[in-house]
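Worksheet for the structure shown next.
No lab work stands behind these numbers, since they all come straight from the coordinates. Small disclaimer: the values here were computed from a predicted structure and weren't measured. With ideal geometry, Cβ positions are generated from the backbone for all residues, glycine too; neighbour counts draw on all protein chains shown.
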Amino acid sequence: MKKEQLHIEYDLYNDISELSGEDAALVQAARDVTAKAYAPYSNFLVGAFAKLANGETISGTNQENASFPVGICAERVLLSAASVLHTNVPIDTLAVSYHNLNGESNKPVSPCGMCRQALREYEDRTKQPIRLILSGMEGKIIILERSTMLLPLSFGGDDMK
Ligand code: THU
């Protein structure tokens with residue numbers, strides 16, 4: 001037996017002013033698109049905005065439902081839209097932000113477990129890492145070079161071969 005270790009590395013910025021112009025624009029777009037979330041039950045509005053490898057951009061917001069499990073996160077709305085509108089085009093960078101109508105929105109939150117798995121599948125499928133930028137409406141921002149860093153020891157199609 002031997003001990004193994006996994007570690008993840010990310011960049012932490014104090015606020016949007018420290019980002020490059022291109023990253024700042026993506027964060028601002030993710031913040032803006034939170035206004036289009038349909039989240040009447042949680043009042044937690046999530047916005048996702050991505051730049052694709054073909055230069056196009058795409059957005060997603062969370063879509064809730066009175067039957068709670070039917071709801072879907074902003075990230076997976078975006079991935080589904082990208083899959084249809086820009087089939088097989090890799091996602092270069094995905095910015096995720098949120099506006100908590102019941103509280104603060106000043107620190108980054110990261111994608112839920114189901115979205116991490118969906119992001120992993122998208123990376124596998126398009127054979128390119130998805131760079132993630134996580135933020136709230138203000139405050140600190142996290143940048144990860146690939147979304148799969150959030151899902152160590154994950155399960156994928158290769159495991160079924
Ligand atoms: N939500 C997202 O859209 N993305 C996340 O990364 C975390 C959670 C949504 C799901 C639900 O509509 C609301 O936020 C509260 O969990």
Within straight-line cross-link reach of Lys107, lysines at Cα separation under 19 Å, skipping those fewer than 8 residues along the same chain: Lys140
Förster radius 25 Å - calculated FRET efficiency between Gln128 and Met160, Cβ distance, rounded to 0.05: 0.70
From phi via Karplus (6.51, -1.76, 1.60), per-residue ³J(HN,Hα) for the range 149-161 in Hz, x at Gly/Pro: 4, 7, 9, x, 6, 7, 9, x, x, 4, 5, 9, 6
Intensity falloff of the range 11-152 expressed as log10 I(q)/I(0), Debye formula with alpha-carbon point scatterers, at q = 0.22 Å⁻¹: -1.44
Restricting the range 1-64 to trypsin sites (Lys or Arg not before Pro) in coil, as DSSP defines it, with at most 15 other Cβ within 10 Å: Lys2, Lys3
Cα-centred dipole magnitude for the range 1-70, charges only on beta-carbon of K, R (+1) and D, E (-1), debye, nearest 20: 320
Longest DSSP-loop-exposure-free segment, GluC sites (Glu not before Pro), the chain, at most 10 other Cβ within 10 Å: 10-103
Backbone N under 13 Å from the Asn106 label point (7 Å along Cα→Cβ), restricted to the range 14-49: 15
Residue among Cys112, Ser59, Tyr10 farthest towards the positive dipole end of the chain, charges placed on Cβ: Cys112
Charge dipole magnitude, Cβ of K and R +1, D and E -1 - the range 11-152, Cα centre, debye nearest 20: 340
Percentage of interatomic Cα-Cα distances in the range 2-58 larger than 12 Å: 75
Counted charge near Pro111, where neighbours are those whose Cβ lies closer than 11 Å (Asp, Glu -1; Lys, Arg +1): +2
Relative contact order %, the range 10-161, counting alpha carbon pairs below 8 Å whose residues are six or more apart: 25
